Amino acid sequence: MTHAASSPAPETVPQQRPSGQPFLSVRDLLVHFPTVDGVVKATDGLSFDLARGKTLGIVGESGSGKSVSSSTILGLQRGTRAIVKGEILLDGTDLLSISDEQMRLRRGRDVAMIFQDPLSAMHPYYTVGNQIGEAYMVHHDVSKKAARARAIEMLDRVGIPQPDRRVDDYPHQFSGGMRQRAMIAMGLINDPGLLIADEPTTALDVTVQAQILDLLQDLQREFNSAIIIITHDLGVVAEMADDVLVMYAGRCVEYGPTKEILTQPQMPYTWGLLSSVPDVAGDTESRLVPIPGNPPSLLNPPSGCAFHPRCAHLDKVPGNLCRTDLPDLTPATTGGNHVKRCHLVHPEDVWAKEVLPEIAPELAEQNQEPTA
Amino acid sequence: MRRIFAGVIMLILMSLVTYVLFFSGGLHPERAACGKNCSPAQWEQTKKALGYDKPAVVQWGEFLKGTVAGRTYPEDKALAKANPSLVSTCPAPCLGYSVVNTTNVSTEVKTAFPVSFSLAILAFIMWIVGGVFFGVIAALRRGTVVDRGIVGVSLIFYAFPTFWIGLFFLKFFAIQWQIFPVPSYVNLTDSPLAWLGNLVLPSLTLALIYMAGYVRMTRAFVLESFGEDYLRTARAKGLPNRRVLVKHSLRASLTPIVTMAGLDFGALVGGAIITESVFNYDGLGALAVDSVRTLDLPTIVGLVVVLAAFIILANIVVDILYAVIDPRVRLG
Amino acid sequence: MSHAEPTPAAESAPGEQSSAAEEIIPDPGHVFEAHGQSEADFSAKPILTVDNLKMYFPVKSAGIIRRTIGHVQAVDGVSFEVRKGDSLGLVGESGCGKSTTGRLITRLYKPTAGSIAFEGTDISGYGSRQLLPLRRDIQMIFQDPATSLNPRHTVGSIIGAPLRIHQVVPSDKVLPRVQELLEVVGLNPEHYNRYPHEFSGGQRQRIGIARALTLQPKLLVADEPVSALDVSIQAQVINLLQDLQNEFGIAFLFIAHDLAVVRHFCPEVAVMYLGKIVEIADRDTIYGAPHHPYTQALLSAVPDVRQASIGGRRERIRLEGDVPSPINPPSGCRFRTRCPIARDICARVEPPLMQVGKRHKVACHFAGELGQHPATPVTTGVLGVDDEGHDVAGAQRRSDLLDHPGYQDTWLDLKTGQPVGS
């Protein structure tokens, strides 16, 4: 872990380590919170890989366990009662087996995080420069002056005008977009290999969101970092992510390359997500197809497939399988890295014949013609 | 500026209310000055001499005038000319003349104030330091024996009457084990060490009562700040726990504590009546009790104004501190 | 709720929140066969006419005498019409004044200037007594269902309160009506004696909608009704609102920042920027052929699932910087500081909201489709100024083409620069 401490200049790190291990590899991650009412199963058996320079989008509704998993990568659950099992291999080191102090030294240096609401994520009593510089000083033995200079440099890099003046402003004197830029500056000041962005644009206006997403992509190219972007907005995922992981009730229900997940999803929950969002270019005649019911309780998730109480395709699976058996993550019929957790035997047919015509008739027609 | 202006107006109104309430009670403050064998005529005469025959509002007006211009007692220009030795003067700011104690109220306040103030400030320091310290410890160890122990013990002290704790301290620490002197007030200027040594027991008595509240308050605010997003950010940066606690959590928790502390301190200066009497300190609290018992109106009014002024001052200081602590207040 | 026996559900412990979630009635959408309103009925009479509406919030100085040192021009001269049973979408970024506009129309604020004509009567100056009957006709749905419902009142008393206040039904009929309303919005009618915290976010928003429906309003102002909800729940609520509109013929002023949701819900859309409407048109024009550079930038910034999934993404128009302060807005056109095509005239003369199509108004000197903005200002003839924005002697402002809240039969043809009729 010497590269982060030295120069801020981007290094060319091979996307795959010589051993063939990806930069970040999460294996069977389990995070449970014991409470008086029972165990909250926030994350259960989550696995994914991420290479440097690539972006993973984690999609899910509130309570799907997407934020918990990411803050576990950062070790923020340490010191709480959370039960954590599995492996989080970052550059070959299991972050779950190192000591608290070792984890602290990596936090902010090897793994950084930016949060949803930049106003509440910054301390109201300290200047922006102080807070950004602090992130630098904690991992580098430098003077306050040097840290300040570095903070100004980073503010300039993330596109804040007059950074040498704004560095002494307090967070409340910044606009929402500038605050999120400042948070990104804070996150990237130590040139971390992995950046976790938890709903980074949800609190922002759409034009500002576009600015921030562009900025993140620019910086990713420059620093060659791996990014995990957590969001409920499929549009953000579509623009940012190379891979998508769809979470439901603490489990991965579908995982694969973004384009495949968005064009050939094979899990009814993903279909539901796609069909319940109106599109700026879609047909206004069509009715939104919502997912009925509510997201499940993590305290007491439904038996079998957690999605079965809201699933419209229950009848296509023989017997009571969906209610009794949790489906495994199996390769999708499209092949490749695409996996899905569903009992449906031919999800691609259901998607093409039933779901797509309903949410995007024009696409369904297009798809049928070329194949004919 | 606006606050000071409002404060002065409030003081004037408070003195008026004191006057009106005092006289609406049907009290006869001049009775005490008239002596044991007071005939109705003498009574009437005393009343006149002391000015109690005038309507409350008029007396109040004279009081107000006195605070700015000073007064003479009795207010009789002819007498002042003929026999100056019979007339006592009360220079501005005159808070009145206490017939009961045959001295100016401002003199009374001047003697009693340092006693109460010393007591209050020392108690204040003790309870803030102790309260915040134990509050933070309790928060960090929440749910454990340590947490429950701290909160429980502080509650026990809170539940015991002040005089009991005071007497307990007096009996064991001062008389039996002689760790501290039997408290009697020594001027700070005479001997700072003796001043401090004599004040430890009474201040501690006072501080222990307030501490319970501050332990719980600090604990609650620190725990609340643990849930704040910016604390998560601080931890995500990789800051050591101590730095997260001191720089990020405590700084935010201090704002409400400072507010409460300022107000409590302002009220304490005149409110440590029991402690003052247990340790036999002639402070403002003791003075207030005496003046009420003897129906000494000038002293009562004078004390009301002084103590109210102190609370208002504490308020202003808190407001200023607020702006110092929180840049959002300062910079809008 | 003393007048009813507690149901077993009500006796359950407060911790059992999920039980309410399980018992949700399936989406009521299937009850109504009608689909989302696709085309606006432009012949319908306006139910709401807003003309030159302004709301300035004073900014006070510090000091002994708190002088007013400026105004936040939250809403500055907004005009539009909402027809009976129609929905107008109001979009824009935070601070553009769209929520303030909504609150002015429900008269939570008293406007600084301008008129709000509801069914032909100007209500902008009404006092609270005069407003009382109007509260029945104009209702509001708020963004955050968690904070807009009183946590200490049961759902039944929240929904029933308007009935009691306005004494619409006898008191023994309140409960049946409440239950009916709960059923309409897709909740279990037996849950009337539960408290808001026992419901999920989406269900609470349904409660908010039920409350707004209680008095059978003619106009609903929905301020970000779905933005606090989970994606899958958003669709449920939008469908519910559409069903209610079709069933009861309620007109909507639909305020949202989500352009896709507004497009789905509203046949007509107005785009606001810094207190002003910059473009207003029917849905197809706004989304298909926007003429204002801000509308174009706004649309290009929306991440598009379908576009990205087919391949690549649309070219974005990058807007630099932040929205200027509404206390001291830029002179002339308020968007000019961030506008990619701004010129001198934009700083000098404010572009009027000018009708350029049958159902299309735009406030831009260089109005035109993306990439086809004209080289010379299109507004000079109407405003009586030259290309640089200086007054032309003898030229007049053609108020016949401007200054109307609704649409006229004649408008300015952008190609010829001449008025044309339909």
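Each reported figure results from applying straightforward, stated rules to the coordinates on display, with no laboratory input. Because the structure is predicted, anything quoted here is derived from the model rather than measured. Ideal geometry is used to build each Cβ from the backbone, glycine not excepted, and the neighbour counts take in all protein chains shown.
Cα-Cα over 18 Å: which of A:LYS41/A:LYS85; C:LYS45/C:LYS276; B:LYS54/B:LYS81; A:LYS144/B:LYS237?
C:LYS45/C:LYS276; B:LYS54/B:LYS81
Using alpha carbons only, how many angstrom separate the centre of region A:309-342 from the centre of region B:105-171?
65
Trypsin sites (Lys or Arg not before Pro) within region B:164-267: which are DSSP loop residues with at most 15 other Cβ atoms inside 10 Å?
Of the trypsin sites (Lys or Arg not before Pro), not one in the loops of region B:164-267 has a Cβ with at most 15 other Cβ atoms within 10 Å.
Using a Förster distance of 45 angstrom, determine the FRET efficiency expected from the C-beta separation of C:GLN372 and A:ARG221, and round it to 0.05.
It comes to 0.85.
If you line up the long axis of helix B:192-226 against the longest principal axis of chain B, both from Cα atoms, how many degrees apart are they, to the nearest 10?
Around 50 degrees separate the two axes.
Mean 1/r over all different Cα pairs, inverted: what Kirkwood radius does the protein assembly as shown give, in Å?
Evaluated over the protein assembly as shown, this radius sits at 34.8 Å.
In Å and whole numbers, how far do the C-alpha atoms of chain B stretch along each principal axis, longest first?
84, 57, 38
As I understand it, the dipole of region C:343-422 uses +1 on the Cβ of Lys and Arg and -1 on the Cβ of Asp and Glu, about the Cα centre. Which of C:GLN408, C:ALA375, C:VAL392 lies farthest toward its positive end?
C:GLN408
May I ask you to derive the FRET efficiency for A:LYS145 and C:TYR109 from their Cβ-Cβ distance with R0 = 56 Å, giving the value to the nearest 0.05?
0.70
Taking each residue of A:171-180 in turn, how many C-beta atoms of other protein chains fall within 10 Å of its C-beta, and what is the average?
The shielding value for this peptide is 3.
Sum -39500 (n - 2.57) across every DSSP H segment of at least 4 residues in chain A, then divide by the residue count to get the 222 nm mean residue ellipticity, nearest 500.
About -9000 deg cm²/dmol.
Using a 10 Å cut-off on Cβ to Cβ distances, tally the other chain neighbours for every residue of B:223-231 and report the average as a whole number.
Per residue, the average neighbour count from other chains is 3.
For chain C, list the cysteines whose Cβ sits under 4.7 Å from no other cysteine Cβ?
When partners are defined as cysteine Cβ atoms under 4.7 Å apart, chain C leaves C:CYS96, C:CYS266, C:CYS339, C:CYS364 without one.
Sticking to Cα atoms, compute the Rg of region B:149-270 to one decimal and its Dmax as the biggest Cα-Cα distance, whole number, in Å.
Every Cα atom of region B:149-270 included, Rg and Dmax give 19.0, 55 Å.
Per DSSP H run of n ≥ 4, the term is -39500 (n - 2.57); total these for chain C, divide by its residue number, and report the mean residue ellipticity at 222 nm rounded to 500 deg cm²/dmol.
-7500 deg cm²/dmol
With respect to the cross-link table entries C:LYS110/C:LYS173; B:LYS47/B:LYS110; C:LYS98/C:LYS361; A:LYS316/A:LYS340; C:LYS361/C:LYS415, which display a Cα-Cα separation exceeding 25 Å?
The answer is C:LYS110/C:LYS173; B:LYS47/B:LYS110.
Using a 10 Å cut-off around each Cβ, can you sort A:CYS322, C:CYS346 from fewest to most neighbouring Cβ atoms?
The most exposed by this proxy come first: C:CYS346, A:CYS322.
With 10 Å bins from zero, work out the P(r) of chain C over every alpha carbon pair and list the percent per bin.
Bin by bin from 0 Å, the calculated values are 4, 20, 28, 24, 15, 7, 2, 0, 0.
Using the basic label-point model (7 angstrom from Cα toward the beta carbon), what is the C:GLU247 to A:ARG78 distance in nanometres?
5.5
With an 8 Å cut-off on Cα pairs and a minimum separation of 6 or more residues, tell me the relative contact order of chain C in percent.
It comes to 17 percent, rounded to a whole number.
Treating only the Cβ atoms of Lys and Arg (+1) and Asp and Glu (-1) as charged, compute the dipole magnitude of the protein assembly as shown about its Cα centre; round to the nearest 20 debye.
Once rounded to the nearest 20, the dipole reads 4340 debye.
Any idea what the alpha-carbon Rg over 2.2 N^0.38 Å comes to for region C:343-422?
Compactness ratio reported: 1.03.
Kindly express, to the nearest 10 degrees and within the range 0 to 90, the angle between helix B:251-271's C-alpha long axis and the longest C-alpha principal axis of chain B.
Computed tilt is about 30 degrees.
Modelled label-to-label distance, B:VAL68 and A:SER97, 7 Å Cα→beta-carbon offset: nm?
Here the modelled spin labels are 8.4 nm apart.
Roughly how many debye, to the nearest 20, is the charge dipole of chain C about its Cα centre, given +1 on each Lys and Arg Cβ, -1 on each Asp and Glu Cβ, and no other charges?
In debye, rounded to 20, chain C gives about 1340.
Please identify, among A:GLN266, A:GLN131, A:GLN211, the residue showing maximal mean-square fluctuation in a Gaussian network model of chain A using a 10 angstrom Cα cutoff.
A:GLN211
Charges at C-beta only: +1 for Lys and Arg, -1 for Asp and Glu. How large is the resulting dipole of chain B about its Cα centre, in Debye rounded to 20?
1140
Taking the Cα atoms of chain A, report the difference between the largest and smallest coordinate on each principal axis, in whole Å and largest first.
On the principal axes, chain A reaches 68, 44, 44 Å in Cα extent.
Mind sorting C:LYS276, B:LYS47, B:LYS81 by how few other Cβ atoms lie within 10 Å of their own Cβ, fewest first?
Ordered from fewest to most neighbouring Cβ atoms within 10 Å, C:LYS276, B:LYS47, B:LYS81 come out as B:LYS81, B:LYS47, C:LYS276.
Using packing as a proxy for protection, rank B:178-185, A:94-101, C:84-91 so that the peptide with the highest average count of other Cβ atoms within 10 Å comes first.
Taking the mean over residues of other Cβ atoms within 10 Å, the ranking is C:84-91, B:178-185, A:94-101.
With axes computed from alpha carbons, what is the tilt in degrees of helix C:155-165 against the longest principal axis of chain C, rounded to the nearest 10 within 0 to 90?
With rounding to tens, the tilt is 70 degrees.
Starting from the Kirkwood radius over alpha-carbon pairs of region A:251-371, derive D by Stokes-Einstein at 20 °C in a medium of 1.002 mPa s and give it in µm² s⁻¹.
141
May I ask you to derive the FRET efficiency for C:ASP391 and C:VAL59 from their Cβ-Cβ distance with R0 = 51 Å, giving the value to the nearest 0.05?
So the FRET efficiency works out to roughly 0.95.
Give me the one-decimal nm value for the distance between modelled label points at B:LEU86 and B:ASP290, 7 Å along each residue's Cα-to-Cβ direction.
2.8
Would you mind ranking C:GLU268, C:GLU224 by Cβ crowding within 10 Å, fewest neighbours first?
C:GLU224, C:GLU268
Across peptide A:51-64, what mean number of C-beta atoms from other chains lies inside 10 Å of a residue's C-beta?
Whole-number average of other-chain Cβ neighbours for A:51-64 is 1.
Taking Rh as the Kirkwood radius computed over C-alpha pairs, what is the Stokes-Einstein D of region A:179-282 at 10 °C in a medium of viscosity 1.306 mPa s, expressed in µm² per second?
This corresponds to a translational diffusion coefficient of 107 µm²/s.
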